[in-house]
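Data block below; observations after.
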């Protein structure tokens, strides 16, 4: 809890950036891993002494205890969803593997939900469909993550492709999944941008009105397209997914985006997402989010509304809890009964 | 005094009929015990950049004219207090709010 607000982090990842996980059959694999690490080293905020140590090895496979410490012991987070990243381009066991995400949820079922992930271009559509059955039926996935922009154009696919994408969504629906999630925008390296545009989600959002579509990273640089889609489609939600990391670099831009989101989409459809572990611990970003304001000149000049405590409460936890069927009051009681492993739980707001 | 559900329903229906001119509509989501009405735009109005204008000129004044309604919340769109004041000032000379409220009330009564 931060300032008595329940925090349900939409997205954390137990990444595997270790050298043994790098594909040996792809010359672009090791440089891509190094590029990603260099990128996140720049965006990550300081605040966790262990991670601020220059000798800390980020090219690692994240394990459950380290992740729990980062997200729950060092940050005022109450619940989180750990998400597979089915990016197979450069990693043998994917960028954020199925097994490490599942291990996190299995070790801490009261606090962590497992979001599986599949890709029809990995071993074909039938294998992806079997994987949905396995990840939902056997591993207990509550949601599924998709990544349809890849390094090779032949590996890319569109969400509105009725031959490839729709069977995935139909199978997910048949297994009881109601929340589908998509990495959009934010290409890694030299991928073609168009596969990371959110415009291909309009068809599925229209054709699967009983499913909810969560788009990550505000689909930047496709912000205006994303805004229009989220404003028009009642079943499209936006995950901030690491977005607050930019606040240190460009606070004005973050205020501008947030103000426009509140004006056009509303705080009912925005989800908090820290993107730990590569973005670092969630604590400093949570503190920044509690303090962010929409400045007067943006309120006057662009008509953006001021962010309120209600907005923060919805964004930080209520919206995702509603989507995932979590009763916050019941969950608070359940978590309060757990052994005291989170020193921040009783302390309320923390400063990193 | 609490707002009557029937009066709120009729007002939202009357507003929705007017908004059909925009190929859109208005839907009642909630009426709270303390008189806060929550609505959302549908059709072409969902996601429209000009929702705040229709809200300020028609939806808000017509619903606030219903006895017991204390506030109007529109899901998915909100503008700053400064922008609301600017809109109100610009609309004032045309008496748009009063005219819309009168039309909506007449339409709601004729349906009841």
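Bear in mind these aren't lab numbers, they're just calculated from the coordinates by the rules spelled out. All figures in this text were calculated on a predicted structure; none of them were measured in a lab. Reconstructed Cβ throughout: ideal geometry from the backbone, glycine too, with neighbour counts over all protein chains shown.
Laid out as a table, the results:
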| item | result |
| --- | --- |
| Gain in span if fully extended, residue B:50 to residue B:64, counting 0.36 nm per residue against the direct Cα distance | 3.0 nm |
| Anisotropy class of chain B from Cα gyration tensor, a/c 1.5 cut | rounded |
| Within chain B, helix-based [θ] at 222 nm, where runs of 4 or more DSSP H residues each add -39,500 (n - 2.57), nearest 500 | -13500 deg cm²/dmol |
| Max mean-square fluctuation residue, GNM over chain B, Cα-Cα springs under 10 Å, options B:61, B:93, B:52 | B:93 |
| Separation of the residue B:36 and residue A:127 label points, Cα + 7 Å toward Cβ, nm | 5.1 |
| Cα centroid of the stretch A:1-76 to Cα centroid of the stretch A:192-248, whole Å | 24 |
| Chain lengthening between residue A:252 and residue A:35 when straightened (0.36 nm per residue, less Cα-Cα) | 75.4 nm |
| Antiparallel %, DSSP beta bridges [both residues in the stretch B:5-106], to 5 | 65 |
| Order of A:81, A:1, A:290, B:18 under a 10 Å beta carbon neighbour criterion, fewest first | A:290, B:18, A:1, A:81 |
| Gaussian network model of chain A, Cα within-10 Å springs - most flexible of A:95, A:188, A:302 | A:302 |
| Exposure proxy order (Cβ contacts within 10 Å, fewest to most) of A:223, A:320, A:88, A:72 | A:223, A:88, A:72, A:320 |
| Share, in percent, of DSSP beta bridges within the protein assembly as shown that are antiparallel, nearest 5 | 30 |
| Sequence of A:159, B:48 once ranked by neighbouring C-beta atoms within 10 Å, starting from the fewest | B:48, A:159 |
| Prolate/oblate/rounded call for the stretch A:44-134, Cα gyration tensor, a/c under 1.5 rounded | oblate |
| Full-stretch length increase - residue A:26, residue A:206 - with 0.36 nm per residue and alpha-carbon distance subtracted | 61.0 nm |
| Between the stretch A:277-334 and the stretch B:42-112, the Cα center-to-center distance that results, in Å | 28 |
| 222 nm mean residue ellipticity, helices alone, for chain A (DSSP H n ≥ 4; -39,500 (n - 2.57); rounded to 500) | -10000 deg cm²/dmol |
| Two-site label geometry, residue A:69 and residue A:327: point separation in nm, points 7 Å out along Cα→Cβ | 3.6 |
| Cα-based helix-to-principal-axis angle, B:96-111 vs chain B, degrees rounded to 10 | 30 |
